[in-house]
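Take a look at the structure set out below.
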Amino acid sequence: MTEKLTEAQLKASVDQYLQYGMNMGLFYYDRLNSGSYFVPSDGNHRGRLIRGCRPGTADYMVLQKRLDGEVSYCQVIFLELKGHKTPVRKEQVEFASQVNALGAEYHLIRSLEELENILPVEVA
């Protein structure tokens, strides 16, 4: 049975899992942040607005080397994390549609087990 985690708990578990897989050289990942962030003045510099990714962008991007016969390629995988009751927003559905149309994978993750099925990390 899959444990029902909050989104914050799921993100903490996914961060550890993805870092472990990256340390093993299985893939590269990065956390994507959407929205805008204000960095206040520190006395020497004026405050500034930093813009992140567009609204609806997935939580993570993973790059994974794959083989198709004898041809290797890099698969782009986007992961959107949601708690077991959290609905997907309209902007997130649109993002998924756009990246799927370009050949990237998009996965909605509600448990660590779902991620393990998509990106298995074999322990020796």
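Where a number appears in this text, it was derived from the coordinates with a stated rule and is not lab data. None of the values given here were measured: they were computed from a predicted structure. Note that each Cβ is placed from the backbone with ideal geometry, even for glycine, and that neighbours are counted across all protein chains shown.
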Between residue 106 and residues 5 or more places away or on another chain, the pairs with built amide H atoms under 5 Å apart involve 78
Any trypsin sites (Lys or Arg not before Pro) in segment 1-86 that lie in a DSSP loop and have at most 11 other Cβ atoms within 10 Å would be 46, 85
Looking at the chain, send over the antiparallel percent of its DSSP beta bridges, to the nearest 5.
75
Angle, helix 90-101 long axis vs. longest principal axis of the chain, Cα atoms, 0 to 90°, nearest 10?
50
Using the structure shown, list the pairs from 65/85; 4/82; 4/65 with a Cα-Cα distance above 21 Å, or answer none.
65/85; 4/65
Paired Rg and Dmax values of segment 72-124, which use every Cα atom, in angstrom
12.8, 41
A student asked for the Cα radius of gyration and Dmax of the chain in angstrom ought to give 16.8, 58
